[in-house]
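Before any comments, here is the structure.
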Amino acid sequence: MKEINNQQAESQNVKYWDEIAPIHYESYDIESLRQGKSHIDEIQQRELYPIQDKTLLHLQCHIGTDTLSLARDGATVTGIDFSEKSIEVANQLKKELNIPATFIHSNVYDLKDQLNEQFDIVYTSQGVLSWLKDLQQWAATIAHFLKEGGTFYIMEIHPTYYIFETNAQQEMQIQYPYFHQKHPTFWDDDIGDYSARDYVPQNKTYEWTWSMSDIINALIQNGLKIEFINEYDKLFYKGLEGMVQDKKGWWFHPKYQGMIPFTFTLKATKN
Ligand SMILES: C[S@@+](CC[C@H](N)C(=O)[O-])C[C@H]1O[C@@H](n2cnc3c(N)ncnc32)[C@H](O)[C@@H]1O
């Protein structure tokens, strides 16, 4: 593992996300958006909706596919991301699909300098927390941007998922620590991208490990009241060798179905 300070790690990650944003414009399912569909799955719809006429802040919106889906489903949306290229692609998509949305190029941690508004909903999902260097500041940002009585909602990869690798027999083996480490993990492998499988990113990344208690306590300590936490044995992408996809697009590991949580959702309110 290469040791580096959090600021340097974050700057390296920006390079990676800038590199991958135009690639994701090709590999994310933009066609279904063109056909008028929403990318928000049935779990999120059941747990978060209705969002009609609600103002919604989407943290770490990437190329805006989910943000624009949330707008299509009725919310007035603002998406923010620290990758300038991601925001460029999001604005391009917004124009192409003719969906109203505001996109802001900003780090989550600097957003107070750029945005002076409070929202009914703060939303974030699917591949966000491992990129964050500080969960206390993240939760403080969420609390800051929520109106009194507003809702925070997250659907995210479960912290338990990150401890596993699969071996040649496609058995899951514990490989990584569950608990937060002093330094982020450096990923310098030559594995294809999670969405564009044939594309091996040039820029390598650093990721932070956060346990379930780190996530929940950060929210509670910043004044949010947890309404529910749910856990699911499926994932939105093929995260491990041996996973298979069901008709709705979720990825399961047949050997471990019903045994290990891969995704969690959480809803909290600001009172
Ligand atoms: C996996 S993507 C977002 C997930 C989204 N569901 C998607 O796939 O479109 C993670 C995003 O987080 C952004 N990001 C990471 N750290 C950030 C930070 N500190 N502030 C703002 N954006 C950040 C990256 O630029 C990237 O676009």
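The values are calculated or read from the model by the stated rules, or taken from the named source; none is laboratory data. Quick caveat: nothing in here was measured; it's all calculated off a predicted structure. Cβ coordinates were reconstructed from backbone atoms using ideal geometry, including for glycine residues, and neighbour counts include every protein chain displayed. Ligands, DNA and RNA are excluded from the accessible area calculation, which covers all protein heavy atoms including side chains. Shrake-Rupley method; radii C 1.70, N 1.55, O 1.52, S 1.80 Å.
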Counting other C-beta atoms within 10 Å, and keeping those with at most 14, which DSSP coil GluC sites (Glu not before Pro) do you find in the range 213-263? 241
Accessible area in square angstrom per residue, the range 6-270, 1.4 angstrom probe: 46
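Compute the Cα gyration tensor for the range 48-163, then decide on rounded, prolate or oblate, letting a ≥ b ≥ c be the square roots of its eigenvalues: rounded whenever a/c is under 1.5, prolate when a/b is larger than b/c in the other cases, and oblate in all that remain.
Taking the square roots of the gyration eigenvalues as a ≥ b ≥ c, the range 48-163 is rounded.
Once you have a ≥ b ≥ c as the square roots of the Cα gyration tensor eigenvalues for the range 155-234, tell me rounded if a/c is under 1.5, and otherwise prolate or oblate according to whether a/b is larger than b/c.
On the way: a/c = 1.95, a/b = 1.66, b/c = 1.17.
Judged from the Cα gyration tensor, the range 155-234 comes out prolate (a/c at least 1.5, a/b above b/c).
In whole percent, what relative contact order does the chain give with Cα contacts below 8 Å and a gap of six or more residues?
20
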List the lysines whose alpha-carbon lies under 27 Å from that of residue 204, not counting same-chain residues fewer than 8 positions away? 2, 15, 85, 133, 182, 234, 238
Using only helices, what value at 222 nm comes out for the chain when you add -39,500 (n - 2.57) per DSSP H run of length 4 or more and divide by the total residues, to the nearest 500 deg cm²/dmol? -8500 deg cm²/dmol
Can you list which of the GluC sites (Glu not before Pro) found in the range 91-177 are DSSP loop residues with at most 14 other C-beta atoms within 10 Å? 117, 171
Taking the Cα centre as origin and putting +1 on Lys and Arg beta-carbons and -1 on Asp and Glu beta-carbons, what dipole magnitude results for the range 28-71, to the nearest 20 debye? 120
Under the 0.36 nm per residue contour assumption, what length would be gained going from the current alpha-carbon distance of residue 15 and residue 198 to full extension? 64.0 nm
Nearest-0.05 FRET efficiency for residue 4 and residue 171, computed from C-beta distance (R0 45 Å): 0.90
Which length gain, in nm to one decimal place, applies between residue 95 and residue 269 when the Cα-Cα distance is subtracted from 0.36 nm times their residue separation? 59.4 nm
At q = 0.07 1/Å the base-10 log of I(q)/I(0) from the Debye formula over the alpha-carbon atoms of the chain is -0.23
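Report the full-extension gain for the segment residue 32 to residue 232: residue separation times 0.36 nm, less the Cα-Cα distance, to one decimal in nm.
In short, 69.5 nm is gained.
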If you rank 207, 88, 26 by how much accessible surface each has, with a 1.4 Å probe, what is the order from largest down? 26, 88, 207
When the accessible area of the chain is computed with all protein chains present and a 1.4 Å probe, what percentage of it is carbon and sulfur? 47
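So which chymotrypsin sites (Phe, Trp or Tyr not before Pro) in the range 166-271 are both in a DSSP loop and have at most 11 other Cβ atoms within 10 Å of their Cβ?
Listed in order of number, the matching sites are 179.
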Assuming a ≥ b ≥ c are the square roots of the Cα gyration tensor eigenvalues, decide whether the range 200-269 counts as rounded (a/c under 1.5), prolate (otherwise, with a/b larger than b/c) or oblate. oblate
Theoretical FRET efficiency, 1/(1+(r/R0)^6), r = Cβ-Cβ of residue 191 and residue 213, R0 25 Å, to 0.05: 0.30
